[in-house]
Amino acid sequence: MVFNVTHITTYKYNAPVNYCHNIATLRPRRSDGQELLDYKINISPGPAEITERVDFFGNFITRFSIQTEHDTLKVTTKSKIIRDFGFFYDSFLSDACRKITMNEALYALNGNDATIMDAKQFVLESIFIRQTNKDIKAYAEKSFQGNRSVFDAAYELMQRIYTDFDFVSGFTSISTPVEEVMREKKGVCQDFAQIAIACIRSVGLPARYVSGYIETLPPPGKEKLVGADASHAWFSIFIPGFGWVDFDPTNNQIPKDQHILVGWGRDYYDVPPLKGVVYGSGKSKLKVSVDIARVA
Amino acid sequence: MNVTRLSSFFMEFHQMLIDAAPGKKDNPNIVILTPGSHNETYFEHAYMASFLGYPLVQGNDLVVRDGFLWMKSLQGLKRIDVVLRRVDDAFSDPLELREDSHLGVAGLPDVVRRKNVSVINPVGSGVIENPGLIPFMPAISRYFLNENLILPQIASWWCGQEKEKNYVLNNLSNLVVKRIDRTNRESIYFGKFLSFDQLESLKAQILQRPYRFVAQEQINFSTAPNLTQGSLEPRNVVTRAFSIAYGNQYSVMPGGLVRVAPDSKTVRVSNQRGGTSKDFWVVGDQIVKEDKNKNWEQKSAIALSGLDDLPSLTAENLFWAGRYVGRTLVNARFIRTVMRQMAMMQNRDEKPDSIKIQVLLKAVTHMTGTYPGFSEKTKEGTPAMDNPYEEMLSVIRDKDRVGSLAHTIGMFSNSYYSIRNLWSSDMWRVFENIQKLWQSFQEEENPSILRILKVLNQLITRLIAFMGLIEESIMVQQGLLLYFIGLQLEQSMLTITKCRSLLAVKYDTQVEYDLLEYLLTSHESLNIYRYSYRSYIQLEHVLDLVITDVEYAGSLTFMIKRLQKDIARLPHSRKDQQLTNYQKYVFSAFSKLRLSDSSKLSLTKSKNDVVRQELDILLEELSDLLYKTSQSITGTYFNHTDRQTQMFTQSFPI
């Protein structure tokens with residue numbers, strides 16, 4: 001499946017900004033079953049300098065700064081992506097993926113080959129997901145038990161988050177602590193992904209945060225609205241001997257071809273679509289629109 | 001004593017910084033990046049900056065543009081090649097690192113990646129300070145160098161390993177436990193001093209995040225003799241030694257700093273816990289030759305070029321230091337004059353019946369800007385005029401009241417505190433004297449007018465001593481010029497307000513005479529007046545002396561002339577072509593003064609009129625021009641005040 005993704009982020013300031021430094025994680029990375037065919041970024045006003053590099057996790061980071069006075073910042077990216085995830089999706093049915101129990105996984109994590117070493121950093125605390133109170137662990141342990149398959153436990157955790165939590169936008173912000181989301185059982189996709197990650201880490205297994213897009217389909221009989229698609233986030237768990245498996249607790253499914261991956265990290269902090277330091281006074285208003293169109 | 005000199009170490013240090021510059025420049029621009037005057041090691045940064053001759057800057061003084069790092073100076077942006085970093089790793093960039101940091105420079109790591117600046121030590125090197133690495137050092141040394149460690153290590157156990165963790169938990173009361181990161185440098189636990197409950201809680205903390213802790217054997221430290229109140233006593237000491245990696249080797253400073261425990265029982269030594277500091281010297285057998293030929297001329301290029309390269313934050317602090325010291329002095333003198341008159345009143349807690357006292361009190365409100373105060377426009381409640389003592393006490397001592405003497409002294413202290421690196425030791429002494437005097441006065445209950453007068457006298461004397469020291473301890477190109485500009489500007493503005501409050505309205509002859517005398521007294525000009533005019537005090541003469549005299553240092557015209565000369569030396573001022581705005585304002589003020597005529601200024605429109613319109617208009621215009629001057633100087637030179645904000649605000653719970 002080939003998609004054209006248009007992602008527009010607009011900041012409107014109520015007082016002029018003299019200059020700003022920004023970092024964007026918007027260019028989709030290569031990953032299993034996904035290739036980037038074309039990518040363009042357009043920034044207005046034009047940046048004085050712009051560089052791109054690959055970060056520690058292998059994501060594309062675009063850094064730019066604007067030195068002309070402005071009251072609106074608009075960042076538009078157009079990505080053409082081919083997704084063909086069927087083969088990988090099917091591999092999740094294998095014994096290598098499904099049969100590993102938590103005890104076996106924890107034992108395997110004592111090893112120190114390169115894959116294990118790389119995965120182990122995702123057990124540690126991260127900026128937004130600290131080791132937390134007992135609630136998270138108690139919630140996790142309902143699904144994660146020593147002799148149970150890690151895959152089954154993760155699948156059940158995804159289902160439970162999908163049923164137990166309400167999708168309420170505007171209730172949380174990026175600074176809402178995981179504990180509060182757990183207590184209130186409300187949030188958006190970022191919160192659900194981070195809850196799942198906190199749970200998985202609390203039992204000692206590696207989990208990472210995945211940022212991307214999801215294609216939404218219009219209600220039957222209605223035309224699809226431009227810009228109705230969204231920035232999205234989900235989580236991924238590491239199964240030793242097999243590899244990483246993604247789960248989307250917001251939609252209660254394992255991502256296939258409608259999920260487009262941009263980057264991953266320990267939590268939201270590592271892969272914010274756009275962040276920046278702004279010099280000037282006053283407040284900003286943010287507007288994001290994402291449009292995903294099937295080409296073929 | 002043959003004390004080994006440190007200068008060769010600093011020479012190498014200096015050379016190392018020069019060699020670190022990208023592109024091997026001959027004269028790289030080097031700065032020291034400090035977290036600011038509230039940091040406990042600020043003194044070191046300041047001392048090093050003045051010793052090595054590098055500008056001392058804060059994050060706010062630097063900016064990233066076009067892929068390079070620049071320092072905001074009085075003249076404009078200056079490219080920086082090397083940063084000696086004294087800001088913690090995580091705080092050095094609010095974009096890629098801690099978002100809540102206001103100590104760093106947004107985009108700094110990117111300039112480093114482009115190899116357009118060298119940061120010493122590189123951001124991230126703090127990870128080496130992790131004490132969790134200690135147990136691995138012998139193996140690391142053998143693996144990489146095939147050598148054993150020369151210095152023995154204290155036995156250490158990192159709790160991130162199962163076996164080590166269990167050992168630590170079982171032997172906690174004999175161990176010293178530390179965190180592996182530097183986020184909380186005070187978190188050191190001495191097991192043997194902990195109660196059962198404390199030990200249990202520490203165990204719980206370790207179990208929750210074992211990787212975060214390292215434990216060390218509790219060893220008995222040796223002590224050093226310390227001279228305490230005339231006798232030698234043993235004390236635990238901590239020495240801080242310094243070394244630099246230069247070329248392929250390390251140089252160790254032949255000396256260092258020592259922190260001494262406050263008493264003989266204390267094992268933990270830290271400045272924050274009341275320890276004292278000492279130098280430590282290395283004494284040799286050989287006679288140390290003074291090497292007077294050390295080539296210190298080759299200093300950082302930007303330090304030499306003076307005023308143009310003054311960091312604008314320092315410049316602004318000096319400007320405000322001048323303004324606040326001027327404001328404190330002029331207001332303290334005026335308030336003293338007023339208090340002397342109040343001392344002669346029958347009842348200080350009642351509305352004064354004499355007009356002259358009322359005029360004086362209103363002038364206090366105008367000069368300090370503590371409205372409504374004694375001015376007419378009182379809101380509900382008792383007018384201040386009904387209880388002058390209470391209001392005056394508030395104008396003098398209420399540090400939360402903007403404009404009060406206490407508030408001004410507070411602002412004066414802040415601005416001086418933030419430029420501590422420019423001070424001489426005598427200035428410290430006098431500054432502390434002022435602080436002490438004022439602190440004890442703040443605490444006194446219901447001080448008598450005589451007591452207030454005494455404090456004001458002492459304050460004024462110390463301020464004058466302090467001002468004298470500033471002039472002799474700071475060089476013009478270090479920024480003294482900005483101090484003078486601030487001082488002249490403030491004194492001129494207050495002189496204008498004072499003359500306007502006391503002279504713009506015509507009173508009875510006797511009242512008028514007294515007011516003129518108060519004006520001269522508060523201006524410290526009574527003797528000069530008597531010397532110059534040898535006559536009865538007359539308005540025209542007073543105006544001549546205080547406003548239009550060209551020779552007398554206390555006259556407004558003289559001060560404005562001086563201001564005009566000083567601002568002409570600022571980097572953006574023009575001498576031949578079109579003047580800058582601030583130059584125009586001051587020039588205009590000066591010409592208005594030169595064109596005025598005291599005999600006309602002292603007249604009212606008609607005999608029955610009470611307002612001296614010409615004087616009033618002149619003073620109003622002057623006041624307006626000086627206000628604009630200050631705004632224009634601020635806009636031209638100190639415009640670094642753009643606030644740094646994040647597009648998103650997020651908590652950063654490290």
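The values are calculated or read from the model by the stated rules, or taken from the named source; none is laboratory data. Just so it is clear, the model here is predicted, and its values are computed rather than measured. With ideal geometry, Cβ positions are generated from the backbone for all residues, glycine too; neighbour counts draw on all protein chains shown. Surface accessibility is based on the protein's heavy atoms, side chains included, excluding ligands, DNA and RNA. Shrake-Rupley method; radii C 1.70, N 1.55, O 1.52, S 1.80 Å.
Key figures for this structure:
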item: Cβ-placed point charges (K, R +1; D, E -1), dipole of the stretch B:310-474 about Cα centre in debye, nearest 20; result: 340
item: Flagged links, alpha-carbon separation over 32 Å, of B:24/B:565; B:72/B:592; A:186/A:287; A:283/B:115; A:78/B:25; result: B:24/B:565; B:72/B:592; A:283/B:115; A:78/B:25
item: Crossing angle, helix B:42-52 versus chain B [Cα axis fit, 0-90 degrees, rounded to tens]; result: 90
item: Between the stretch B:412-474 and the stretch B:556-586, the alpha-carbon center distance in angstrom; result: 31
item: List A:82, B:18, ordered by accessible area with a 1.4 Å probe, largest first; result: A:82, B:18
item: Debye-sum result for the stretch B:450-522 in log10 I(q)/I(0), which assumes one identical scatterer on each alpha carbon, at q = 0.24 Å⁻¹; result: -1.08
item: Debye log10 I(q)/I(0) at q = 0.13, 0.25, 0.26 Å⁻¹ for the stretch B:130-217, Cα point scatterers; result: -0.43, -1.25, -1.32
item: Interchain or long-range residues, amide H under 5 Å from residue A:148's placed H; result: A:102, A:103
item: Dipole axis of chain B (+1 Lys, Arg; -1 Asp, Glu on Cβ), positive-most option in B:132, B:593, B:547; result: B:132
item: Accessible area (Å², per residue) of the stretch A:1-88, counting only protein heavy atoms and a probe of 1.4 Å; result: 43
item: Estimated D of chain B in µm² per second, where Rh is the Kirkwood radius over Cα pairs and Stokes-Einstein applies at 10 °C, 1.306 mPa s; result: 54
item: Solvent-accessible surface ranking, highest first, for A:11, A:162 at 1.4 angstrom; result: A:162, A:11
item: Full-extension gain in nm, residue B:507 to residue B:457, via 0.36 nm per residue minus C-alpha separation; result: 15.0 nm
item: Straight-distance crosslink candidates among aspartates and glutamates, where the alpha carbon sits under 17 Å from residue A:222 and sequence neighbours closer than 8 are dropped; result: A:291
item: A:98, A:83, reordered so the largest accessible area comes first (probe 1.4 Å); result: A:98, A:83
item: Euclidean distance of C-alpha centroids, the stretch B:602-632 and the stretch B:1-75, integer Å; result: 49
item: In order through the stretch B:20-34: 3J(HN,Hα) via Karplus (6.51 cos²θ - 1.76 cosθ + 1.60), integer Hz, x for Gly, Pro; result: 6, 4, x, x, 6, 7, 6, 10, x, 8, 10, 10, 9, 9, 10
item: Nearby aspartates and glutamates by direct alpha-carbon distance to residue B:278 (threshold 17 angstrom, same-chain neighbours under 8 apart not counted); result: B:40, B:44, B:233, B:263
item: Spatial separation of Cα centroids for the stretch B:187-221 and the stretch A:111-181, in angstrom; result: 30
item: Rg [Å, one decimal], Dmax [Å, integer] - the stretch B:32-172, C-alpha atoms; result: 19.7, 64
item: For residues of A:268-280, the mean tally of beta carbons on other chains within 10 Å; result: 4
item: Principal axis dimensions, largest first and in whole angstrom, of the protein assembly as shown by Cα; result: 113, 87, 59
item: Label-point separation in nm, residue A:18 to residue A:82, each point 7 Å along Cα→Cβ; result: 5.0
item: DSSP beta bridges in chain B [antiparallel fraction, %, rounded to 5]; result: 80
item: Dipole of chain A [Lys/Arg +1, Asp/Glu -1 at C-beta], most positive-end residue of A:56, A:76, A:167; result: A:76
item: Helix B:405-417 axis, angle to chain B major axis (alpha carbon atoms, nearest 10°); result: 40
item: In degrees, nearest ten, helix B:480-503 long axis to first principal axis of chain B (Cα); result: 30
item: Area accessible to solvent at residue B:88, 1.4 Å probe radius, in Å²; result: 60
item: Exposure of residue B:70 as accessible area (Å², to 10), given a probe of 1.4 Å and all protein chains; result: 50
item: Enclosed volume per residue, in Å³, of the convex hull spanned by Cα atoms of the stretch B:493-638; result: 111
item: Area hidden from solvent between B and A (accessible, protein heavy atoms only, 1.4 Å, total, Å²); result: 3200
item: Computed [θ] at 222 nm, deg cm²/dmol, chain B (DSSP H ≥ 4; -39,500 (n - 2.57); rounded to nearest 500); result: -14000 deg cm²/dmol
item: Electrostatic dipole magnitude of the protein assembly as shown [Cβ: Lys, Arg +1; Asp, Glu -1; Cα centre; debye, to 20]; result: 660
item: Projected label distance in nm at residue B:209 and residue B:193, using a 7 Å step from Cα toward the beta-carbon; result: 2.3
item: Percent of alpha-carbon pairs separated by more than 25 Å within the stretch B:310-474; result: 34
item: Charge context of residue A:166, other residues only, Cβ under 12 angstrom, K/R +1, D/E -1; result: -1
item: Residue-level accessible surface for residue A:44, protein heavy atoms, 1.4 Å, Å²; result: 50
